[in-house]
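Asker: The structure that follows is given in the form of structure tokens.
All of the numbers you see were taken from the coordinates with simple rules; none came from a lab. From a predicted model like this one, the values you see are computed outputs, not experimental measurements. Here the Cβ positions follow ideal geometry from the backbone for every residue, glycine too, while neighbour counts run over all protein chains shown.
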Amino acid sequence: MKKKHYKVVIIGSGPAGLTAALYASRANLEPLLVEGGGGADATDVPGGQLMMTTDVDNYPGFPEGIMGPELMKRMRKQAERFGTEVALGAIIEVNVRARPFQLKLADGEIQADTLIVATGAAARWLGLPEELAFRTQWGGVSACATCDGFFYKGKDVLVVGGGDTAMEEATYLTKFANKVTVVHRRDELRASKIMQDRARANSKIDWLFDSVVDKILGGKGQGVTGALLRNVKNDDVAEVKAGGIFMAIGHVPNTALFKGQLEMDDSGYLLTRDGTTATSVPGVFAAGDVADSRYRQAVTAAGTGCMAAIDAERFLAH
């Protein structure tokens, strides 16, 4: 780092963090952006989840679509153009009880008058050996129906999960898919009754209970072609054909650094105040998926990054 004391430090380099950096640097606040979030549950990928995404077709301004890593590269270049300083690595420790705020990185300690937390949230995955390749290279595995459902027109798809998120994803996917099969490891759903009723009333949704995905089938050049599903009660394995698999087993906000320091909901998402990005500690602001369990889109993350920078600027002015 070039300095030991900054007016604004931004943690996280996804759409929220980079947009906050752009606005803060244009306000002449000379922000420092730390690429990684840090903590046991933080993503290891600078640039956030879009670095693990191939085609991004729903970000405004790119009618032909853009690759996730390329979009993040452009956003970073734009922020740096106006004077954003970028620090590699992750935050190891944060103390927001002190003034100014104390932050520890591998390369040393710094102080911040304001802090923008944009550490994001990581989707839960099954952890299968082949899963990463299907997510990032071959295609066919996703954790966001809103982002990717359009690509599955006329296909049969699987949705893994049994909570409200799984019901929402399955219902949404029926707009595009030929058939949606919900795969759940238990014999009953965890989703709320209203969400269950809505999904069960949809004729395009089928159900496979007491089942887990043992292997994703397909490969390079063909994407997902199906899955091997195992019945957890009798260990029978069956092949099910599918053109895509959507994981709907939840997200984990990257907030381990702030436990006991900032107010969170029961799932660990940071709580903000009165339609702003202000958290429970004055001078600390939250942007993007770290405070958003509902929308989780790149464009909404970027929007709250803008809000956080403006909130930080006004806080410093007063």
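Asker: Normalised by the number of residues in the chain, what is the relative contact order in percent for Cα pairs under 8 Å and 6+ residues apart?
Answerer: Details: 768 pairs, mean separation 69.0, N = 318.
Relative contact order comes out at 22 percent.
Asker: Quick check for me: using +1 on Lys/Arg Cβ and -1 on Asp/Glu Cβ, what's the dipole size of the chain about its Cα centre, in debye to the nearest 20?
Answerer: 400 debye
Asker: How much mean residue ellipticity at 222 nm does the chain get from its helices, if each DSSP H run of length 4 or more adds -39500 (n - 2.57) and you divide by all residues, to the nearest 500 deg cm²/dmol?
Answerer: Result for the chain, helices only: -6500 deg cm²/dmol.
Asker: Could you give me the ³J(HN,Hα) list for the stretch 8-17, computed from phi with Karplus coefficients 6.51, -1.76, 1.60 and θ = phi - 60°, whole Hz, x at Gly and Pro?
Answerer: For the stretch 8-17, the Karplus curve yields 9, 10, 10, 9, x, 10, x, x, 5, x Hz.
Asker: Quick one: order SER13, SER293, SER203, SER267 by neighbouring beta-carbon count within 10 Å, fewest to most.
Answerer: By the 10 Å Cβ count, ascending, the order reads SER203, SER267, SER293, SER13.
Asker: Using modelled amide H (1.01 Å from N, peptide plane; none on Pro or chain starts), what sits under 5 Å from the amide H of ALA87, excluding residues fewer than 5 places away?
Answerer: LEU33, VAL34, GLU35
Asker: Still on this model: Take each of the peptides 17-24, 61-68, average the number of other beta-carbon atoms within 10 Å over its residues, and list them starting from the highest.
Answerer: My ranking of the peptides, most packed first, is 17-24, 61-68.
Asker: Using DSSP to define loop residues, name the trypsin sites (Lys or Arg not before Pro) in the stretch 71-153 whose beta-carbon has at most 11 other beta-carbon atoms within 10 Å.
Answerer: Of the trypsin sites (Lys or Arg not before Pro), the ones in loops of the stretch 71-153 whose Cβ has at most 11 other Cβ atoms within 10 Å are ARG97, LYS153.
Asker: Here's another thing I want to ask about it. May I ask for the angle, rounded to the nearest 10°, between helix 164-173 and the longest principal axis of the chain, with both axes built from Cα atoms and the value confined to 0 to 90°?
Answerer: Value to nearest ten degrees: 70.
Asker: Let me ask you something else. Using alpha carbons only, how many degrees (0 to 90, rounded to 10) separate the axis of helix 68-81 from the longest principal axis of the chain?
Answerer: 10 degrees
Asker: Starting from the 7 Å offset along Cα-to-Cβ, what nm value, one decimal, do you get for the label separation of PHE82 and ARG124?
Answerer: Simple spin-label model gives 3.8 nm for this pair.
Asker: Report the calculated FRET efficiency for ARG294 and LYS233 (r = Cβ-Cβ distance, R0 = 41 Å), to the nearest 0.05.
Answerer: 0.75
Asker: To continue, here is another question. Taking the Cβ of each residue in ARG186, ARG26 as the centre, tally the other Cβ atoms inside 10 Å and list the residues starting with the fewest.
Answerer: ARG186, ARG26
Asker: Pull up the DSSP beta bridges for the chain and report the antiparallel fraction as a percent, rounded to 5.
Answerer: If I count the DSSP bridges inside the chain, around 50 percent turn out antiparallel.
Asker: Take peptides 208-219, 167-178 and line them up by average Cβ neighbours within 10 Å, highest first, as a rough protection proxy.
Answerer: Ranked from most to least packed, the peptides come out as 167-178, 208-219.
Asker: Karplus couplings for the stretch 266-282 from phi (6.51 cos²θ - 1.76 cosθ + 1.60, θ = phi - 60°), rounded to Hz, Gly and Pro as x?
Answerer: 5, 8, x, 6, 5, 8, 10, 10, 6, x, 10, 9, 5, 9, 6, 10, x
Asker: Expressed as a whole number of Å, what is the distance separating the alpha-carbon centroids of the stretch 113-186 and the stretch 194-228?
Answerer: 11 Å
Asker: Pull up the cross-link candidates among the aspartates and glutamates for LYS4, meaning alpha carbon to alpha carbon under 15 Å and not fewer than 8 places away within one chain.
Answerer: LYS4 reaches GLU30, GLU85, ASP107, GLU109, ASP113.
Asker: Mind listing the long-range amide H neighbours of HIS251? Cut-off is under 5 Å, sequence gap 5 or more, other chains count too, H placed in the peptide plane at 1.01 Å from N.
Answerer: Long-range HN contacts for HIS251: ARG124.
Asker: For the chain, give me every cysteine whose Cβ has no other Cys Cβ within less than 4.7 Å, ordered by residue number.
Answerer: CYS306
Asker: Determine, from the Cβ-Cβ distance of GLU93 and ARG186 and an R0 of 41 Å, the FRET efficiency 1/(1 + (r/R0)^6), rounded to the nearest 0.05.
Answerer: Values: r = 39 Å, r/R0 = 0.95.
For GLU93 and ARG186, the calculated efficiency is 0.60.
Asker: Using Cβ counts within 10 Å as a stand-in for footprinting exposure, how do GLU109, GLU85 rank, fewest first?
Answerer: GLU109, GLU85
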